[in-house]
Amino acid sequence: MFKARSIQHCRACGHAVEYRIPADDNRERATCLNCGEIHYENPINVVGTVPVWGEQVLLCRRNIEPRYGLWTLPAGFLEIGETTAEGALRETDEEAGARIRLEGLFTVLNVVKVAQVHLFYRATLVDTDFAPGPETIEARLFSEAEIPWDELAFRTVRETLRRYFDDRRRGQFDVHCADIS
């Protein structure tokens, strides 16, 4: 299990913190030794889309680490002040320069090892005019048979794509929740 201990100093007063179990709590928290402020460390949300054009899915080749040069769905970190849907739209635009119509939530994947939750929405491309941003080498459409399965950057992307193609064959899309170890 992921054990966060990244906070060294209080965000309120700058004094050193100590990890201890506060009264009325059940786990260690970064607690300021000076002002008593308790700092909580929570999972990071990653939001993205499965953008489709007919029978094809849009993938992006990463121009950044981790996993430089490998393929991924357009996704990234949720920003403060936006909903998960807004973040997924923004990330699809930033990564691929793609215009989409957002469909429903499709996968919720818990990646406990790195303290992340990945949420992918189904989306329909409005057109095929892409303009990849600086984090993407290229954005390209792939049929299921063309997906570079051995060159996918993340297991969450692999799981989401497999579930997407399975649901498409069944003719019914569900919301899938899974734990990625």
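The values are calculated or read from the model by the stated rules, or taken from the named source; none is laboratory data. Since the structure is predicted, the reported quantities are computational estimates derived from the model, not experimental observations. Counting neighbours? That spans all protein chains shown, and the Cβs are built from the backbone with ideal geometry, glycine included.
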Checklist outcome for this item: Of the residues in segment 47-71, those that are out of contact with any Phe, Trp or Tyr (no Cβ under 6 Å at 6 or more places or on another chain) and under 16 Å from residue 94 (Cβ atoms) number 6
Next on the checklist: With the structure loaded, tell me whether residue 55 is modelled with pLDDT of 95 or more, within 30 Å of residue 140 (Cβ to Cβ), loosely packed, with under 15 Cβ neighbours inside 10 Å and in contact with a helix residue (DSSP H, G or I) (Cβ under 7 Å, 6 or more places away or on another chain) or whether it fails that test.
Outcome noted: no
Checklist entry - Out of segment 118-133, which residues are under 12 Å from residue 75 (Cβ atoms) and among the aliphatic types (A, V, I, L, M)? => result 119, 123
Next on the checklist: Going residue by residue through segment 118-133, is there one that turns out to be in contact with a Cys (Cβ under 8 Å, 6 or more places away or on another chain) and crowded, with 17+ Cβ neighbours inside 10 Å?
Outcome noted: yes
Checklist entry - Of the residues 20, 29, which single one is among the basic types (Lys, Arg) and more than 26 Å from the chain's Cα centre (by Cα)? => result 20
Checklist entry - What residue, of 140, 168, is within 20 Å of residue 93 (Cα to Cα), assigned by TED's automatic domain parsing to the domain that holds residue 103 and among the basic types (Lys, Arg)? => result 140
Checklist entry - In segment 22-94, which strands (runs of 3 or more DSSP E) lie fully inside it and hold 1 or more residues that are over 26 Å from residue 127 (Cα atoms)? => result 29-32, 44-53
Checklist outcome for this item: Within segment 93-141, residues farther than 18 Å from residue 71 by Cα and acidic (Asp, Glu) come out as 103, 127, 129
Checklist entry - In segment 146-179, how many residues are part of a loop (DSSP other than H, G, I, E, B) and more than 24 Å from residue 114 (Cα to Cα)? => result 6
Checklist entry - residue 5 passes all but one of (1) charged (D, E, K, R); (2) assigned to a loop (DSSP other than H, G, I, E, B); (3) within 16 Å of the chain's Cα centre (by Cα); which number fails? => result (3)
Next on the checklist: Here's a check for you: in segment 98-117, which residue that is aliphatic (A, V, I, L, M) and closer than 23 Å to residue 43 by Cα is surrounded by the fewest Cβ atoms within 10 Å (Cβ to Cβ)?
Outcome noted: 114
Next on the checklist: Being part of a strand (DSSP E or B) and either more than 16 Å from residue 50 (Cα to Cα) or of a type in the set (A, V, I, L, M, F, W, C) (or both) is the filter here; which residues of segment 110-135 pass it?
Outcome noted: 110, 111, 116, 117, 119, 120, 123, 125
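State whether the residues of segment 150-165 include one that is closer than 17 Å to residue 94 by Cα and of a type outside the set (A, V, I, L, M, F, W, C). If you could, list the steps in order and put the result at the bottom.
Residues of segment 150-165 closer than 17 Å to residue 94 by Cα: none.
No.
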